[in-house]
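Below you'll find the structure I mean.
The values are calculated or read from the model by the stated rules, or taken from the named source; none is laboratory data. Please read these numbers as outputs of a predicted model, since none were measured by experiment. Cβ placement follows ideal geometry from the backbone for every residue including glycine, while neighbour counts extend to all protein chains displayed.
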Amino acid sequence: MRKSDKQNLPSLNLHIPEPKFRPGDIADFSDIDIEDVGVTARPDENSKPIDMQHMATGLIRVLDMEGIAGGPWDPKLSSSIKLKMLHHMVQVRSFDDRMFRAQRQGKTSFYMKCTGEEATSIAPAMALAHDDMIFPSYRQQGILLVRDYPMLDMMNQIYSNREDTLKGRQLPIMYSSPEHSFFSISGNLATQYPQAVGWAMASAAKQDTRIAATWCGEGSTAEGDFHSALTFAAVYNAPVIFNVVNNQWAISSFSGIAGGERATFASRGLGYGIASIRVDGNDPLAVYAATQWAANRARTNNGPTLIEHFTYRAEGHSTSDDPSSYRATEEYAKWPLGDPLERLKAHLIREGEWDEDRHEMLKKTMDDEVKATQKLAEKNGILGHGMHQEFETMFEDVFEEMPWHLREQMEMSLAEKISKFSTKSKEKKGQGND
Amino acid sequence: MIDMPSSPVKTMNMIDAINSALDVMLDRDDNVVLLGEDIGYFGGVFRATANLQEKYGKRRVFDTPISENGILGAAVGMGAYGLRPVPEIQFADYIYPGLDQIVSEAARIRYRSAGDFISPMTIRTPFGGGIFGGQTHSQSPESLFTHMSGVKTIIPATPYDAKGLLISAIEDNDPVIFFEPKRIYNGPFTGYYDRPVEPWSKHIASQVPEGYYKIPLGKADIVHEGEGLTIITYGTMVHVAMAVVNEHCIDADVIDLRTLLPLDIETIEASVQKTGRCLIVHEATRTSGFGAELAALVAERCFYHLEAPIERVTGFDTPYPHSLEWAYFPGPVRITTAIEKIMKD
């Protein structure tokens, strides 16, 4: 290999970012600068992005760590709305626990929890209009629950069983529901970002009133799609909200591997001239307020907003991941912004709207609902060896009409079904029907 | 062929015909929108969208940032909204930054959502060489698209077909990639690079109805009939093959595929079973090119009718060269040599 002949110059150094703590280390986040409630002001909804660039390094907060709401961002929600928020947070946590266990019991191939990040999907879903279009990533199951998507359908999808509305074609949790304005989850990262912009551009071109909102993690802000999306949104002033859930970890890569050592993820919007704000992602009221602010801007032709949700991924990336092999075990316990569910609960108790007994009761009700729904879902079959759907369905929906070459391949698969799978698939059917 | 429509006929080159198809569809369907680099006010680097922004407004025909990934990603979102976007990728060579939005998104949305969402976009993109475009303005990447499941692949060879196929593509509810052989935008280039090119006006297929008509996707056109040989080709190479056939009075069926996927296998089978000899001609690189698929299909379905090995005439497996363009191009010499070989056996 050829090297420089200028031996009198200092040698260059390649920087490889490294997280502060690895397994065995004692996590200590005291160096993270957390602003007090009220420090980050609330700009007028018509403000120009250039006049509020400081928001990209601020932190929108409403709840302090004792559960007291305050500051200019307090959305002053009614207690019934806050209780509904808590209800969904408890519900999704119960759902996640149950589905995680189902995967561990071999009932399905894969699951992803949103523990610790519940506020980043439940609060926005409640702040948006029910028909605003969602272009989700894979950890926004809370949105579907807020929009009353049937939990049974979610489970059927997770089990890829015969009632799965997606016909067993997608990895578990890759939901889709046009009726709930929830776009089909891809599984590829950040591809939904420019799609959300295109949808929002279409809505604006058609002089509609609906806006789009999309989610990705801090890790996938490194994808080209993220930057294409921001460019397009800025160029066309698209009515879209970009949510970046900065949960500190992209599988085993800490946020520094995505560029987080030098700047906040919100500040990526600044160069595009996009309103960019940063919110305490573990504060459901702050997330609600930030989303409402961004949605009002979008709806009044004030353009796109990038919201960085500063949060922490409490669990593994997915059931296929073991975070204890790359990060300090007690990181979540030490996380300075606490747990979003506990913080909302503490707030409601302080307000006199809630107490421990009712909370225990709610948890039990949710657990019971989840268990009962799981039983119903399992009557439709669990993943097992799969093959809950007719073989023909594998060839449908590739195109609107099946071309000859797929028809031929379908016939081949049907012949294999008779010669290879006939006893097995009969057994499966029997099982599913009980 | 299909019924001739009743609207007045005009002499059009490929660009005129494509512009006319876009005009007709913008007029018929408010949900059709055009987007791409330089396509708005300027009308496109090849002028395919000339005057359309003026006629239909900026919200329906607009310029985009130089981001194929953004163009195609936005088009997927527009399709999900209910629009029928027709993105232009300025050169097929530029499509790769947007490939993921085609392969993993547009092509699979119907499937992965079990029909909840569709991606009814038509991607127009000029392709192929013969214009001294070097390695970044000459490629023929069609086999990438036939290889992925869920995309229809169209390549017209005449103005008449270009318009009718493009209208069908835009009305189709699946994603379509519409490759425009840019070497024949202005005239049916025969591969004799040292001879003057005839303008389209001297070709019958330049007589194009001004109004709406469709050519069905998935139907090939037999542009020359014969008994001794089947030549399967598409795009620019239809005219190159035809020039050889005419020059040497070859007794051949010349099949212009027009649609690569879904493929008109019936026309191919019937022809090869009749002639017993098969030559496949395309400009794209040879290895894993679409010709390999065609050769496999012919071998599988017509093996006992074959009297000679199937031959392929293709571009070489090199990047598209600049100064050696005519050495690379699978022109009349290569085709004639292959025909001689096939007919000898």
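Residues in region B:198-205: is at least one within 25 Å of B:TYR328 (Cβ to Cβ) and modelled with pLDDT under 95?
Within region B:198-205, one or more residues are within 25 Å of B:TYR328 (Cβ to Cβ) and modelled with pLDDT under 95.
Right, something else. Failed condition for B:GLN90, given (1) under 27 Å from A:ALA204 (Cα atoms); (2) in a strand (DSSP E or B); (3) under 16 Å from the mean Cα position of the chain (by Cα), with all others met?
(2)
Still on this model: Would it be correct to say that B:ILE109 is within 24 Å of the chain's Cα centre (by Cα), within 18 Å of B:VAL176 (Cβ to Cβ), more than 9 Å from chain A (Cβ to nearest Cβ) and at pLDDT 95 or above? Step through it out loud before you land on a result.
Values: within 24 Å of the chain's Cα centre (by Cα): yes; within 18 Å of B:VAL176 (Cβ to Cβ): yes; more than 9 Å from chain A (Cβ to nearest Cβ): no; at pLDDT 95 or above: yes.
No; evaluated as a whole, the condition is false for this residue.
While we're here: Can we say A:GLY271 is out of contact with any helix residue (DSSP H, G or I) (no Cβ under 8 Å at 6 or more places or on another chain), in contact (Cβ under 8 Å) with a residue 12 or more places away in the chain and more than 9 Å from chain B (Cβ to nearest Cβ)? Steps first, answer last, please.
Values: out of contact with any helix residue (DSSP H, G or I) (no Cβ under 8 Å at 6 or more places or on another chain): yes; in contact (Cβ under 8 Å) with a residue 12 or more places away in the chain: no; more than 9 Å from chain B (Cβ to nearest Cβ): yes.
When the stated conditions are applied, A:GLY271 does not pass them.
Take region B:93-109 and flag every residue that is in contact (Cβ under 8 Å) with a residue 60 or more places away in the chain and in a helix (DSSP H, G or I). Quick ask: steps written out before the conclusion?
We begin by selecting, within region B:93-109, every residue in contact (Cβ under 8 Å) with a residue 60 or more places away in the chain; these are B:102, B:106-107.
Answer for region B:93-109, where residues must be in contact (Cβ under 8 Å) with a residue 60 or more places away in the chain and in a helix (DSSP H, G or I): B:ILE102, B:ALA106.
Condition first: surrounded by fewer than 24 Cβ atoms within 10 Å (Cβ to Cβ) and either more than 10 Å from chain B (Cβ to nearest Cβ) or touching a strand residue (DSSP E or B) at 6+ places or on another chain (Cβ under 6 Å) (or both). Now tell me which residues in region A:174-188 satisfy that.
Scanning region A:174-188 gives A:HIS180, A:SER181, A:PHE182.
Tally up the residues in region A:1-44 that are without any contact (Cβ under 8 Å) to a residue 12 or more places away in the chain and under 30 Å from A:ALA294 (Cα atoms), please.
Residues flagged as without any contact (Cβ under 8 Å) to a residue 12 or more places away in the chain and under 30 Å from A:ALA294 (Cα atoms) within region A:1-44 amount to 3.
OK, next. Hey, does region A:276-295 have a residue that's farther than 25 Å from A:MET65 by Cβ, within 18 Å of the chain's Cα centre (by Cα) and of a type outside the set (A, V, I, L, M)?
Checked region A:276-295: no residue is farther than 25 Å from A:MET65 by Cβ, within 18 Å of the chain's Cα centre (by Cα) and of a type outside the set (A, V, I, L, M).
Identify all residues within region B:1-40 that are assigned to a helix (DSSP H, G or I), without any contact (Cβ under 8 Å) to a residue 60 or more places away in the chain and in contact with a strand residue (DSSP E or B) (Cβ under 7 Å, 6 or more places away or on another chain); write none if there are none. I'd like the intermediate steps shown before the answer.
Of region B:1-40, the ones assigned to a helix (DSSP H, G or I) are B:14-28.
Still in the running and without any contact (Cβ under 8 Å) to a residue 60 or more places away in the chain: B:19, B:23, B:26-27.
Within region B:1-40, B:LEU26 is the sole residue that qualifies.
Follow-up. Among the helices (runs of 4 or more DSSP H) lying completely within region A:144-248, list those that include at least 2 residues that are of a type in the set (Gly, Ala, Ser) and within 24 Å of B:SER119 (Cα to Cα). Steps first, answer last, please.
Values: elements: A:151-159, A:192-205, A:224-236.
Hits in region A:144-248: A:192-205, A:224-236.
Next up: For the condition modelled with pLDDT of 95 or more and over 23 Å from A:ASP33 (Cβ atoms), what is the one hit in A:ASN301, A:ASN247?
On the way: A:ASN247 fails: over 23 Å from A:ASP33 (Cβ atoms).
The match here is A:ASN301.
I'm checking my understanding of the structure. Among residues of region A:189-206 that are more than 8 Å from chain B (Cβ to nearest Cβ) and within 14 Å of the chain's Cα centre (by Cα), which one is surrounded by the most Cβ atoms within 10 Å (Cβ to Cβ)?
First, pick out the residues of region A:189-206 that are more than 8 Å from chain B (Cβ to nearest Cβ): A:189-190, A:192, A:204.
Now restrict to residues that are within 14 Å of the chain's Cα centre (by Cα): A:189-190, A:192.
Working: A:LEU189: 20, A:ALA190: 26, A:GLN192: 30.
Restricting to residues being more than 8 Å from chain B (Cβ to nearest Cβ) and within 14 Å of the chain's Cα centre (by Cα), the top hit is A:GLN192.
Additional query: Kindly establish whether B:GLY43 is free of Cβ contacts under 8 Å to residues at least 24 places away in the same chain and of a type in the set (Gly, Ala, Ser).
Working: free of Cβ contacts under 8 Å to residues at least 24 places away in the same chain: yes; of a type in the set (Gly, Ala, Ser): yes.
Yes; evaluated as a whole, the condition is true for this residue.
Quick check on this structure: which one of B:GLU283, B:GLU269 is more than 17 Å from the chain's Cα centre (by Cα) and either in a strand (DSSP E or B) or within 14 Å of chain A (Cβ to nearest Cβ) (or both)?
B:GLU269
Yes or no, residue by residue, for (1) more than 14 Å from chain B (Cβ to nearest Cβ); (2) not in a helix (DSSP H, G or I):
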position	(1), (2)
A:GLU369	yes, no
A:ALA372	yes, no
A:LEU376	yes, no
A:GLY381	yes, yes
A:HIS385	yes, yes
A:GLU400	no, yes
A:ALA415	yes, no
A:LYS420	yes, no
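Another question, if that's okay. Quick one: in region A:225-257, which of the residues that are small (Gly, Ala, Ser), within 14 Å of chain B (Cβ to nearest Cβ) and in contact (Cβ under 8 Å) with a residue 40 or more places away in the chain is surrounded by the most Cβ atoms within 10 Å (Cβ to Cβ)? Please lay out each step first, then the result.
Within region A:225-257, the subset small (Gly, Ala, Ser) is A:228-229, A:233-234, A:238, A:250, A:252-253, A:255-256.
Going one step further and asking which of them are within 14 Å of chain B (Cβ to nearest Cβ), we end up with A:228-229, A:233-234, A:238.
The next check asks that each one be in contact (Cβ under 8 Å) with a residue 40 or more places away in the chain; those that pass are A:233-234, A:238.
Working: A:ALA233: 34, A:ALA234: 19, A:ALA238: 27.
Selected residue: A:ALA233.
Another question, then. Within region B:39-85, how many residues are closer than 30 Å to B:GLY133 by Cα, over 21 Å from the mean Cα position of the chain (by Cα) and within 14 Å of chain A (Cβ to nearest Cβ)?
Going through region B:39-85 one residue at a time, the tally reaches 14.
Take the residues of region A:281-333 that are among the β-branched types (Val, Ile, Thr) and surrounded by fewer than 19 Cβ atoms within 10 Å (Cβ to Cβ): which is nearest to A:VAL197 (Cα to Cα)? Give the steps one after another, and end with the answer.
Keep residues of region A:281-333 that are among the β-branched types (Val, Ile, Thr), which gives A:287, A:291, A:300, A:305, A:307, A:311, A:319, A:329.
Subsequent filtering for residues that are surrounded by fewer than 19 Cβ atoms within 10 Å (Cβ to Cβ) retains A:300, A:329.
Details: A:THR300: 16, A:THR329: 38 Å.
Residue satisfying both the conditions and the ranking: A:THR300.
Among the residues in region A:87-98, are any assigned to a helix (DSSP H, G or I) and among the β-branched types (Val, Ile, Thr)?
Step one: of region A:87-98, the residues assigned to a helix (DSSP H, G or I) are A:87-98.
Now restrict to residues that are among the β-branched types (Val, Ile, Thr): A:90, A:92.
Yes, the conditions are met somewhere in region A:87-98.
Quick test of your reading of the structure: B:ARG301 fulfils all but one of (1) part of a loop (DSSP other than H, G, I, E, B); (2) surrounded by fewer than 21 Cβ atoms within 10 Å (Cβ to Cβ). Name the failing condition by number.
That leaves (1) as the condition not met.
Taking region B:5-36 as the search range and keeping residues that are surrounded by fewer than 18 Cβ atoms within 10 Å (Cβ to Cβ) and of a type in the set (Val, Ile, Thr), which one is farthest from B:GLU171 (Cα to Cα)?
B:THR11
While we're on this one: If you go through region B:61-72 one residue at a time, how many are assigned to a loop (DSSP other than H, G, I, E, B) and crowded, with 19+ Cβ neighbours inside 10 Å?
Of region B:61-72, the ones assigned to a loop (DSSP other than H, G, I, E, B) are B:64-67.
Within this subset, residues satisfying the condition of being crowded, with 19+ Cβ neighbours inside 10 Å are B:64, B:67.
Qualifying residue count, region B:61-72: 2.
Something else: Hey, could you check region A:156-207 for residues that are touching a residue at least 24 places away in the same chain (Cβ under 8 Å) and of a type in the set (Val, Ile, Thr) and say which is farthest from A:GLU218 (Cα to Cα)?
So the residue we want is A:ILE158.
For region B:162-181, how many residues are of a type in the set (Lys, Arg) and surrounded by fewer than 24 Cβ atoms within 10 Å (Cβ to Cβ)? Explain how you work it out, then say what you get.
Applying the first criterion (of a type in the set (Lys, Arg)) to region B:162-181 yields B:163.
Among the residues that remain, those that are also surrounded by fewer than 24 Cβ atoms within 10 Å (Cβ to Cβ) are: none.
Residues meeting the conditions: 0.
Results for (1) within 14 Å of chain A (Cβ to nearest Cβ); (2) touching a residue at least 60 places away in the same chain (Cβ under 8 Å); (3) over 23 Å from B:GLY187 (Cβ atoms), shown as yes or no for each residue.
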position	(1), (2), (3)
B:GLN90	no, no, no
B:GLN135	no, yes, yes
B:LEU144	no, no, yes
B:SER149	yes, no, yes
B:ALA157	no, yes, no
B:LYS163	no, yes, no
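Here's another thing I want to ask about it. Please specify each residue of region A:337-367 satisfying the condition of being buried (at least 16 other Cβ atoms within 10 Å of the Cβ) and outside any helix (DSSP H, G or I).
A:LEU337, A:GLY338, A:ASP339, A:TRP354, listed by residue number.
Condition test on A:ASP36, is it surrounded by fewer than 15 Cβ atoms within 10 Å (Cβ to Cβ) and either aromatic (Phe, Trp, Tyr) or part of a loop (DSSP other than H, G, I, E, B) (or both)? Please lay out each step first, then the result.
Details: surrounded by fewer than 15 Cβ atoms within 10 Å (Cβ to Cβ): yes; either aromatic (Phe, Trp, Tyr) or part of a loop (DSSP other than H, G, I, E, B) (or both): yes.
Here the answer is yes, as A:ASP36 does meet what is asked.
Could you identify the single residue in A:SER47, A:SER109, A:SER121 that is in contact (Cβ under 8 Å) with a residue 60 or more places away in the chain, part of a helix (DSSP H, G or I) and among the hydroxyl-bearing types (Ser, Thr, Tyr)? Talk me through it step by step, then tell me what you get.
Numbers: A:SER47 fails: part of a helix (DSSP H, G or I); A:SER109 fails: part of a helix (DSSP H, G or I).
Selected residue: A:SER121, the only one of A:SER47, A:SER109, A:SER121 that is in contact (Cβ under 8 Å) with a residue 60 or more places away in the chain, part of a helix (DSSP H, G or I) and among the hydroxyl-bearing types (Ser, Thr, Tyr).
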